[in-house]
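Read through the structure below, which is laid out as structure tokens, and then see the notes.
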Amino acid sequence: MPLRRCRGLSSLPSVSTPRIHRPRRRRRTAAFRRLVREHRLHPADLIQPLFVVHGEGVERPIPSMPGICHLSVDAALDREADRIVALGIGAVLVFGLPAAKDEIGSENFAEEGIVQQALRRLRARHPELLLVTDVCCCEYTSHGHCGVLREGVVDNDATLEILGRVAVTHARAGADIVAPSGMMDGMVAALRSALDASGFPDRAILSYAVKYASAYYGPFREAADSAPAFGDRRQYQMDPGNVREALIEASLDEAEGADLLMVKPALAYLDVVRAVRERTALPLVAYNVSGEYSMVKAASRLGWIDERRVVLESLAGMRRAGADIIISYHAKDVAAWLAEDEGE
Ligand code: PBG
Ligand code: ZN
């Protein structure tokens, strides 16, 4: 800006016109970088997934997901929950592996089902910990699909009735938030009316509203033994090429009464997180899924990346894209790193 041309300034001593703008001034010290940081990670925004199994004293590492274990509902689960709470993480997402599977996934809505047992134990030990449950059929059905089948196809409306029953047993066992993940149309409305009719109008629904048919779920399907026995999930999960459709899914679930919305996976879909963020006022969750986790673990084991920096950078990207909350298998590690050092 040529200052000398401004009226009234002509009598001032001439100043050198700044030709180089210097954003680097704000990066000079760690304290300055910290001061101007736009997005932060905090343990309160993280949700740690857990896998519970039948048996006693089980703390069995999951081969496809280094650092994550199958846990039995006893001292093994207590120890893990204690660690999570001590790190300041406020919520867990519980997945269960049933003792037996059948056509409709009966253990899914059994009062003595593995998730129901885990919820009661967690609720008793940590009254303040938010308990979130995944509500879907694939871990429980003999065919591994996310709903009941009719002539080899997932029957959407028959599945809704089962999902409602599952959610009510979860609520009765202490769940604060139920999270339907099967991409059935009408699943949020079905859960809302089942919960309300059973005396749980106070329990929230986190909808896996925007869930893509993704190869990034590979390690999870090994961990949860939930791979479909035939076919794939493309008739119910979204096509990776679509983003406008995400807005349709998100607005339907919001209208049906979802309390929080999710986009899943996270890293390959940050544009989708941003697009949904701009159209809803609801809290938005990004799910940093199993494949994203396992790739980082594998590369860091090979010495090819710095795990800590890559994880913090990836999660920062999710926050920047507009996620308020992040579900991540790295949650415990992230909380520990944040406690050590608020970031360089
Ligand atoms: C169940 C469910 C899946 C995941 C969460 N809930 C698997 C799937 O849809 O196949 C994936 C989680 C992950 O990969 O971390 N429907
Ligand atoms: Zn499923």
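The table below gives the values:
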read-out: Cleavage-rule hits, chymotrypsin sites (Phe, Trp or Tyr not before Pro), segment 208-276, DSSP coil, Cβ neighbours within 10 Å at most 16; value: Phe230
read-out: For segment 40-343: rounded, prolate or oblate by the Cα gyration tensor [a/c cutoff 1.5]; value: rounded
read-out: Of the chymotrypsin sites (Phe, Trp or Tyr not before Pro) in segment 58-167, those whose Cβ has at most 13 other Cβ within 10 Å and which sit in DSSP loop; value: none
read-out: Length added when fully stretched, Ala75-Arg309, from 0.36 nm per residue minus Cα-Cα; value: 81.0 nm
read-out: Antiparallel DSSP beta bridges within the chain, as percent of all bridges there, nearest 5; value: 10 percent
read-out: With Cα atoms, 0 to 90° folded angle of helix 307-321 axis to the chain main axis; value: 80 degrees
read-out: Loop GluC sites (Glu not before Pro), segment 211-288 (other Cβ atoms within 10 Å of the site Cβ: 12 or fewer; DSSP); value: Glu278
read-out: Shape category assigned to segment 89-170 from the gyration tensor of Cα positions, a/c cut at 1.5; value: prolate
read-out: Over segment 40-343, relative contact order from alpha-carbon pairs under 8 Å, at least 6 apart, %; value: 19 percent
read-out: Dipole-positive endmost among Met184, Ser294, Gln116 within segment 40-343 (Cβ charges, Cα centre); value: Ser294
read-out: Angle between the chain longest axis and helix 114-125 axis [Cα atoms, degrees, rounded to 10]; value: 60 degrees
read-out: Accessible area in the full protein assembly, largest first, 1.4 Å probe, for Trp304, Trp337; value: Trp304, Trp337
read-out: Spatial separation of Cα centroids for segment 59-96 and segment 164-187, in angstrom; value: 21 Å
read-out: Solvent-accessible ranking of Ser72, Ser300, largest area first, probe 1.4 Å; value: Ser300, Ser72
read-out: With Cα atoms, 0 to 90° folded angle of helix 156-172 axis to the chain main axis; value: 80 degrees
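The values are calculated or read from the model by the stated rules, or taken from the named source; none is laboratory data. Remember, predicted model here, so these are calculated numbers, not experimental data. Positions of Cβ are generated from backbone atoms using ideal geometry, with glycine treated the same way; all protein chains shown enter the neighbour counts. What goes into the accessible areas is simple: the full protein's heavy atoms, side chains included, and nothing from ligands, DNA or RNA. Shrake-Rupley method; radii C 1.70, N 1.55, O 1.52, S 1.80 Å.
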